[in-house]
Amino acid sequence: MKIAKVIGNIWATRKEERLAGYKLLIVQPVNILDGSPDRAPIVAADMIGAGMGETVIIVGGSSARSAAGDMSVPVDATVVGIVDDQEFDPGILEEKEAVKP
C-alpha cells in the first residue's frame, strides 16, 4: 500500500468495457513521512468515493484488481481508503539510522 494525494479526475467516454462504471482519479504518490511527491502522478480506480485534495491509500498490481472486485479489470492502481490522520515518531527512524553499521 502507498499514500497518495488526489489531484484530479479523469472522464473517458470511450474506454475498455471492463472499466465501465469505475470512477478514475489522478493521484500523486507521496512520501509518507513528509508529504512530498514520491514519483509521477498515476491514474487509479476509485472504489470509495475519494475527492479532490484528499489523502488516500492506494494499492497496485493484483491487489488493485482484487480491490476493484474483478481480477480481469485492467487497472494498475486502486484507491482503497481515505486517510483521516496519520502519526509517526521521527525519533524511531533516527534511532534505527544511528544503529546501522
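The residue of the range 6-43 that is nearest to the chain's Cα centre (by Cα), among those that are closer than 30 Å to residue 86 by Cα and of a type in the set (S, T, N, Q), is 28. If you go through the range 1-31 and keep only what is among the polar types (S, T, N, Q) and surrounded by 11 or more Cβ atoms within 10 Å (Cβ to Cβ), you end up with 9, 28, 31. Does the range 81-95 include one or more residues that are touching a helix residue (DSSP H, G or I) at 6+ places or on another chain (Cβ under 8 Å) and at pLDDT 90 or above? Scanning the range 81-95, I find no residue that is touching a helix residue (DSSP H, G or I) at 6+ places or on another chain (Cβ under 8 Å) and at pLDDT 90 or above, so the answer is no. Listed conditions (1) modelled with pLDDT of 95 or more; (2) surrounded by fewer than 10 Cβ atoms within 10 Å (Cβ to Cβ); (3) over 11 Å from residue 6 (Cβ atoms) are all met by residue 34, apart from (1). Where strands (runs of 3 or more DSSP E) fall entirely within the range 11-101, those with at least 1 residues that are in contact with a Lys or Arg (Cβ under 7 Å, 6 or more places away or on another chain) are at 23-29, 42-46, 55-60. Could you look through the range 51-79, keep only residues that are at positive phi and within 13 Å of the chain's Cα centre (by Cα), and pick out the one that is modelled with the highest pLDDT? My answer is 53.
The values are calculated or read from the model by the stated rules, or taken from the named source; none is laboratory data. None of the values given here were measured: they were computed from a predicted structure. Cβ atoms come from the backbone with ideal geometry, glycine included; neighbour counts cover every protein chain shown.
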